Each structure stands twice: as C-alpha cells, then as structure tokens.
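What follows is a set of notes on a single structure, which appears directly below.
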Amino acid sequence: MARLLKVAAAQLGPIHRAEDRTSVVNRLLDMLRQAHGAGCKLVVFPELALTTFFPRYWMTDQAEVDTYFEREMPGPETRPLFEEASRLGMAFYLGYAELTEEGGAAKRYNTSILVDGGGRILGKYRKVHLPGHAEHLPEAPFQHLEKRYFDVGDLGFPVWRACGGVLGMCICNDRRWPETFRVMGLQGAELIALGFNTPSRNIFHDEPVHLRMFHHLLTMQAGAYQNGTWVVAAAKAGREDGHHLIGGSCIIAPTGEVVARALGEEDEVIAFDCDLDVGDYVKRTVFNFDKHRRIEHYRRITEQVGVRPPSG
Ligand code: CDT
C-alpha cells in the first residue's frame, strides 16, 4: 500500500519593507487554510517568510537589523499561525531570522522549523551555506549580506520522523550543494523541505535570468534523484520594493521529475499527493549506498574546502 502524504508548497509573493508581521501572518494563514482545504497534511513556507528579504539592504545600526529577527517562536505575531495549524492538524515548515543568546553573546541565524500537527516545534535547522558577502558593495545593484547578518548554522543537517516519514530541512543556497542532500540522504530522508529567496540577478556576474531558474531546478532535481527523496520548495517571489526574486516553487519526486510547479509570482499554493515509498527503488538500486558508495575515495570532501589543482 502506498504511504501517501499530501504536501503543499506555499509560495509568497513580494513582502515590501513596510509590510508588518501581522499582515504577512494573515497571508500565511490564508494559504494554510487553502492547503488544508486541498487535503494537505504538511505545508512548506519560504525562507525568511515573515519579512522582506532584508539582506539586500546595507544597514549599520544593529538595532535596525534586529527588527527583522524573531526573539521567540512562536511570538505574539506568529502564535495565530501555530494555533490555526494545530486546530487544523497541519504540520508546517517556516523560515525566519532567529535572534538568540548563547553563552552571553547574541547569535543570529537564518532558521527554519518543522512544526508538527499539534503545533509543537519538532525540529530546527540553521542555514549552513550562507551566500553573498559581509562588506558593503556600493557599486552593486543591491546587496546580499547574509554573511554579515547571520552566523553559520550550527545544527548540521538532521532529519526527523514526522508526518509518517523521514523529513529533513535546508534553506535556499543549501540546495546548490550536493553535500546538503547527501548528508540527509545518508539518514534515509524521504522528503526534504526548503524555502528560498533567489534574486533574479547575480550581483557578482552578468548571468542571464533564465539560468537562475535553470540552476534552481537542476540542483534540486539532482538532489532528489541522487538520494531517492521528495523535495518540496517554496519561494518568496516577485518584486519586493523593485527588487525581483524568481518564483518556481515546486514539488520534485524521487525520480527527479517536477510534479507540481507554481505558475506565477504571487501568493500561490501548489500541492501533490506524495507517495513516500517511491524513493525506495532508487535507494535499493542505482543509489544503494551500502553497496555502491566508495568512501575511501571521498576524503577530500570533508578535508579540503577550496580547489587545489596539481602543480606545474
Ligand atoms: N537566499 C539565498 O540563499 N539566495 C541565494 C542567492 C545566491 S546569489 C548570492 C540562492 O542560492 O538562491
């Protein structure tokens, strides 16, 4: 018998800088209810889903930066989401900027949580692959200051038993790195949820816009297939105060095929009935890790960061 889990990716259209948390949470609530109406048990919301994509702005006043961060989860503005999800029996993934204290020092992470159908936080992930730069680039059309505003995630890539399967999380730029998927694949991940904010321009290189969407899909489709897992990806899309983010929220099967995809760049819910057993044949055959992995040849992956070409 198929192990079915109906899942939604809830894409957010733009959140302008002036939009407040309560308004955003109301948008999330609308999509949560839509997903529930469609029979879903799990809904995936985007990365940094409560605010505009603030790493595009150069800010020197830490108090201003901290207005984009959550000190508690749930907090007063986000509690209605937890309460409604629990009333509906819906699990969800939510991305947000987390401000916490460790050993007397403030720490800031680009975080996602997995909340179960009873409104309890089951798992937390903190983004490992922070893209962009830490210094001001006045010549660039906009900034990408994740390396300035966030600490590198310290929780690794765990997976959790949830919603009848083995679920993992990652965030945006993580999807471009095969290691992200493989570490979760090695723990038997059956579904990986991820949120993203991907500007349609690469500030470091004049890259055609169509390649942004191509690489977004390419990396997730490869990650899904090579690890026999579903991937559910939710965008924040559209033009935020004039700055464009690609859409392309989608659900990808363990075969690597895109089975559902958002049409536009506004708030939009897409859903698919995922059979969590579909990945089994991939895991038993081509990507049977026990049989075929050759870890004696993979040492460079954990011992070396940059490229070292041969001398001469
Ligand atoms: N949010 C995020 O991680 N965005 C990156 C942009 C990369 S270009 C600096 C992404 O991988 O989509």
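Quick rundown of the values:
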{"item": "The chain: relative contact order as a whole-number percent, Cα under 8 Å and 6+ apart", "result": "21 percent"}
{"item": "Region 189-312 shape via C-alpha gyration tensor axes, a/c threshold 1.5", "result": "oblate"}
{"item": "Dipole in debye (nearest 20) - region 1-138, about Cα centre, beta carbon charges: Lys, Arg +1; Asp, Glu -1", "result": "680 debye"}
{"item": "Highest average packing first - 267-273, 74-80, Cβ atoms within 10 Å", "result": "267-273, 74-80"}
{"item": "Over region 79-188: Rg over Rh, Cα atoms, Kirkwood Rh", "result": "1.03"}
{"item": "Per principal axis, descending, Cα span of region 4-303 in whole Å", "result": "54, 47, 44"}
{"item": "Gap separating the Cα centres of region 265-306 and region 120-136, nearest whole Å", "result": "21 Å"}
{"item": "Charged-residue dipole, Cβ positions (Lys, Arg, Asp, Glu), region 4-303 about Cα centre, Debye nearest 20", "result": "840 debye"}
{"item": "Span from the region 33-84 Cα centroid across to the region 158-200 one, whole angstrom", "result": "19 Å"}
{"item": "Relative packing of peptides 8-21, 291-304 - highest average C-beta neighbours within 10 Å first", "result": "8-21, 291-304"}
{"item": "For region 1-119: rounded, prolate or oblate by the Cα gyration tensor [a/c cutoff 1.5]", "result": "prolate"}
{"item": "Probe 1.4 Å, protein heavy atoms only - accessible area per residue of region 217-306 in square angstrom", "result": "51 Å²"}
{"item": "Assigned charges on the beta-carbon of Lys, Arg, Asp, Glu; region 188-312 dipole about Cα centre (debye)", "result": "780 debye"}
{"item": "Portion, in percent, of the accessible area of the chain that falls on carbon or sulfur, probe 1.4 Å", "result": "53 percent"}
{"item": "Simple label model, 7 Å out from Cα along Cβ direction - K6 to V259, nm", "result": "1.4 nm"}
{"item": "Cα→Cβ-extended label distance, 7 Å offset, between R239 and A105, nm", "result": "4.2 nm"}
{"item": "Area accessible to solvent at C163, 1.4 Å probe radius, in Å²", "result": "50 Å²"}
{"item": "Fraction of the pair-distance distribution of region 271-312 above 13 Å, Cα-Cα pairs, percent", "result": "71 percent"}
{"item": "Of K41/K107; K6/K107; K41/K124; K6/K127; K41/K291, those spanning more than 28 Å from alpha-carbon to alpha-carbon", "result": "K41/K107; K6/K107; K41/K291"}
{"item": "Normalised convex hull volume, region 128-229, alpha-carbon set, Å³ per residue", "result": "102 Å³"}
{"item": "Pairwise label distance in nanometres, T302 with E179, each label 7 Å out on the Cα-Cβ vector", "result": "1.1 nm"}
{"item": "Sorted largest first, extent of region 19-76 alpha carbons per principal axis (Å)", "result": "45, 23, 18"}
{"item": "Furthest towards positive pole of dipole, A233, G223, Y281, structure part region 4-303, Cβ charges", "result": "Y281"}
{"item": "Binned Cα-Cα distances of region 251-297, short to long, each 10 Å bin given as a whole percent", "result": "22, 35, 23, 15, 5"}
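The values are calculated or read from the model by the stated rules, or taken from the named source; none is laboratory data. Predicted, not measured: the structure shown is a model, and the values here were computed from it. With ideal geometry, Cβ positions are generated from the backbone for all residues, glycine too; neighbour counts draw on all protein chains shown. What goes into the accessible areas is simple: the full protein's heavy atoms, side chains included, and nothing from ligands, DNA or RNA. Shrake-Rupley method; radii C 1.70, N 1.55, O 1.52, S 1.80 Å.
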